[in-house]
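Visitor: This is the structure I have questions about; it appears just below.
Each reported figure results from applying straightforward, stated rules to the coordinates on display, with no laboratory input. Values in this document were obtained by computation on a predicted structure and should not be read as measured data. Cβ coordinates were reconstructed from backbone atoms using ideal geometry, including for glycine residues, and neighbour counts include every protein chain displayed.
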There are 2 protein chains.
Amino acid sequence: MNEFVHLRHKPPTTLEQPRELILAMPQMRSNVNVARIVRAAACSGVGTVIACGNVKIDPKISREAEQHLDLQIRRSLLPVLKKLKDEGFPLIGLEQTSNSDNIHDYIFPHKCVLIIGHERNGITEDVLQILDATLEIPVWGMPFSYNVATATCMALYEYCRQYPGG
Amino acid sequence: MNEFVHLRHKPPTTLEQPRELILAMPQMRSNVNVARIVRAAACSGVGTVIACGNVKIDPKISREAEQHLDLQIRRSLLPVLKKLKDEGFPLIGLEQTSNSDNIHDYIFPHKCVLIIGHERNGITEDVLQILDATLEIPVWGMPFSYNVATATCMALYEYCRQYPGG
């Protein structure tokens, strides 16, 4: 018979190299979602998160994760994405589009920017136009849409599954 | 050049058979977490969620997902888990333990119960004793622990990745 003893403070997994994944989002509707995403990103070992507009992180929700990564606040998303694209980062949008790949079948570029959309409006048209790929997470049941933080956590999980060492 | 046109109402993926995954949780600290988990479960095509105690689902958070699956509210978790185990459902706990498997390397039984723990206390000792396996999700950075709804969404994602057809 198995014995399972709860371990409260297991040491984290070690990255062999810093993650080359950058997470980027526009101004979001809910700062709760932003805080949840920042916590998940920090736990996943992501070093840089770009957020836009009037960002206020509730440290009770984020568990102060914003202190453990580089959280860059921009006025808008397009300029920094163009700059990153010029620096060789493929831009991968998490969005259902006419041409989106199923994330189950997708191999992430090791170095890339994962872009998520606004809760209601998704990824804006100007950003969609410069993306290199769009990914969708299959949905099987009502209400037919994942919360944005939920979807982001799933995508972070998939990236980390593909690159557990960083 | 790729063209990505945002699709707002893409049809969901079809299950070839009902999911044999049941999601079960003890009384949680936060009904917000419960609502988020129920929404993610319903979107993932999970048919049955077992929750305990004083459950109140905020339909603005769940997007009324609780109307699209069988949400069973129990007084406590142990009796129903014992019953399900007797019915042939392996019990898989999402918990860091002395003996937990890395979820990246784990093949879920098709038919199983995924058990999640309380936000602070995790899975209780009495439940741990009857589990067939415990799974941990690797964590790479501070604050070194995923929110319970985040971890649940990642585990749901992994199960569905392994069984996209149900």
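Visitor: Can you tell me which of (1) without any contact (Cβ under 8 Å) to a residue 24 or more places away in the chain; (2) over 14 Å from the mean Cα position of the chain (by Cα); (3) within 26 Å of B:Ile130 (Cα to Cα) is the one B:Asp70 doesn't meet?
Guide: (2)
Visitor: Counting only residues that are within 13 Å of chain B (Cβ to nearest Cβ), in contact with a strand residue (DSSP E or B) (Cβ under 7 Å, 6 or more places away or on another chain) and surrounded by 14 or more Cβ atoms within 10 Å (Cβ to Cβ), how many does the range A:52-70 have? Break it down into steps so the answer makes sense when it comes.
Guide: Here is the first cut: in the range A:52-70, the residues within 13 Å of chain B (Cβ to nearest Cβ) are A:57-70.
Cutting the leftovers down to in contact with a strand residue (DSSP E or B) (Cβ under 7 Å, 6 or more places away or on another chain) gives us A:69-70.
Next, from what is left, pick out any that are surrounded by 14 or more Cβ atoms within 10 Å (Cβ to Cβ): A:69.
Residues meeting the conditions: 1.
Visitor: Take the conditions under 12 Å from the mean Cα position of the chain (by Cα), assigned to a helix (DSSP H, G or I) and more than 10 Å from chain B (Cβ to nearest Cβ) and apply them to A:Val34. Does it pass? Outline the logic, then answer.
Guide: Numbers: under 12 Å from the mean Cα position of the chain (by Cα): yes; assigned to a helix (DSSP H, G or I): yes; more than 10 Å from chain B (Cβ to nearest Cβ): yes.
Yes; evaluated as a whole, the condition is true for this residue.
Visitor: Hey, among the residues in the range A:125-137 that are surrounded by 18 or more Cβ atoms within 10 Å (Cβ to Cβ) and out of contact with any Gly (no Cβ under 6 Å at 6 or more places or on another chain), which one's nearest to the other protein chains (Cβ to nearest Cβ)? Spell out the reasoning first.
Guide: Quick first cut of the range A:125-137, residues surrounded by 18 or more Cβ atoms within 10 Å (Cβ to Cβ) only: A:127-128, A:131, A:133-137.
With out of contact with any Gly (no Cβ under 6 Å at 6 or more places or on another chain) added as a condition, the list becomes A:127-128, A:133, A:135-137.
On the way: A:Val127: 9, A:Leu128: 5, A:Ala133: 7, A:Leu135: 11, A:Glu136: 7, A:Ile137: 7 Å.
Out of the qualifying residues, it is A:Leu128.
Visitor: For B:Ile116, indicate whether it is at negative phi and more than 14 Å from the chain's Cα centre (by Cα). If you could, list the steps in order and put the result at the bottom.
Guide: Values: at negative phi: yes; more than 14 Å from the chain's Cα centre (by Cα): no.
The answer is no for B:Ile116.
Visitor: Give me the pairs: first residue in the range A:122-148 and in contact (Cβ under 8 Å) with a residue 40 or more places away in the chain, second residue assigned to a loop (DSSP other than H, G, I, E, B) and of a type in the set (Val, Ile, Thr), beta-carbon distance under 7 Å, and six or more apart or on different chains, which are they?
Guide: Within 7 Å, the pairs are A:Val148/A:Ile116.
Visitor: Within the range A:146-166, how many residues are farther than 25 Å from A:Gly88 by Cα and at the interface with chain B (Cβ under 7 Å from one of its Cβ atoms)?
Guide: Result for the range A:146-166: 3.
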